[in-house]
Amino acid sequence: MTLEQGLAEFLTHLGLEKNASEKTVKSYREDLTQALTFTRERTSKAHVSPDDWNTRLLRAFVSWLHEQGYAKSTIARRLAAVRSFGKFLCRQGVLKENPAKSLRAPRQDKKLPHFLTLDAVQKLLTAPRDTDWAGRRDRAMLETLYSAGVRVSELVGLDLLDSDLSDGIVTVRGKGKKERLALLGPQAVAAINTWLPDRATLLAKAHKESTAVFLNKNGTRLNVRSVGRLLAKHLKTAGLDPRTSPHTLRHSFATHLLDAGADIRGVQELLGHKSLSTTQVYTHVTTRRLQDSYKKAHPRS
């Protein structure tokens with residue numbers, strides 16, 4: 001088996017057995033194709049054999065990525081893909097040992113997530129006009145993003161069948177198609193209920209049926225790009241930072257919960273984070289804010 005053939009089997013394995021999303025499979029394909037291209041150029045071979053896939057060559061690949069000016073996060077992702085591929089090849093009996101196992105990812109620069117203040121969130125949530133169906137939909141959409149802390153992909157994937165609005169609970173499908181429960185506050189529930197008659201009218205006019213909560217003017221499910229464009233429009237109306245993304249509302253959700261004393265384990269569960277260390281970045285945000293306040297207010301700071 002060539003490694004090109006192994007890659008095709010690995011990508012199929014990710015999609016069918018691991019339930020990885022199309023975006024994840026695409027990312028792995030791009031990362032590993034680059035690694036295989038590098039190997040072909042270094043070995044001057046048309047196809048990469050398992051014998052060519054060794055620690056020395058992969059270390060050279062990582063060094064080359066550094067020389068090309070790739071970000072540390074990108075290099076770490078490439079290396080993670082190579083390591084996962086090597087693990088798969090070992091399970092398939094193609095390799096005896098994973099050549100990437102001993103390679104270390106570059107130390108990441110800690111970046112604190114960008115979030116909105118409570119006042120900024122309020123301005124954004126009230127930016128959509130409630131005088132037409134699009135405004136009512138957009139307000140419900142923004143309220144849901146902030147109230148439940150869902151990813152934008154989870155937002156557009158929401159179905160009415162998975163929503164219990166009377167209890168403020170929705171089922172969302174996150175990374176790896178894993179399901180979890182998300183909570184909606186009273187204002188988000190009210191905004192969705194206000195939007196639902198418009199949704200029914202849209203479907204009737206378009207002569208369509210849909211399980212999606214959020215629809216476009218044609219009566220079909222909103223997509224991630226559409227949500228980004230709609231958010232940009234309302235950010236401009238509210239006079240807020242145009243660099244704000246749908247994910248910023250998720251960051252704001254977590255930061256505001258921890259600021260108010262929420263348990264970090266509970267926030268981890270609501271966010272759908274597999275590891276607590278992923279959630280802990282928000283504690284750095286709240287700690288930094290406390291330090292800033294201390295320095296401004298304490299006479300001996």
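Every number in this text was worked out from the coordinates using simple rules, so none of it is lab data. The shown structure was predicted, so the numbers you read here are calculated from the model rather than taken from an experiment. FYI the Cβ positions are ideal-geometry reconstructions off the backbone, even for glycines, and counts take in every protein chain you see.
Tabulated values for the structure
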| item | result |
| --- | --- |
| Contact order relative to length of the chain, as percent, for alpha carbon pairs under 8 angstrom and 6 or more apart | 16 |
| Charge dipole (region 8-144, unit charges on Cβ, about Cα centre) - positive-most of W64, Q34, G135 | W64 |
| Taking region 130-214 and dividing mean pair separation by its residue count, relative contact order in percent (alpha carbons under 8 Å, at least six apart) | 34 |
| From the coordinates shown, Cα Rg over 2.2 N^0.38 Å corresponds to which of (i) 1.21; (ii) 1.01; (iii) 0.95 | (i) |
| Protection proxy ranking of 245-252, 198-205 - average other beta-carbon atoms within 10 Å, highest first | 245-252, 198-205 |
| Within the chain, helix-based [θ] at 222 nm, where runs of 4 or more DSSP H residues each add -39,500 (n - 2.57), nearest 500 | -19000 deg cm²/dmol |
| Mean-position separation - Cα centroids, region 19-33 and region 153-219, in angstrom | 28 |
| Given K18/K217; K18/K101; K177/K236; K23/K217; K205/K236; K96/K178, the pairs whose alpha carbons are separated by over 28 Å | K18/K217; K177/K236; K205/K236; K96/K178 |
| Size of electric dipole in the chain: Cβ of Lys, Arg +1 and of Asp, Glu -1, about Cα centre, debye, nearest 20 | 940 |
| Length released on extending from T2 to A134, taking residue separation times 0.36 nm less the Cα-Cα span | 42.3 nm |
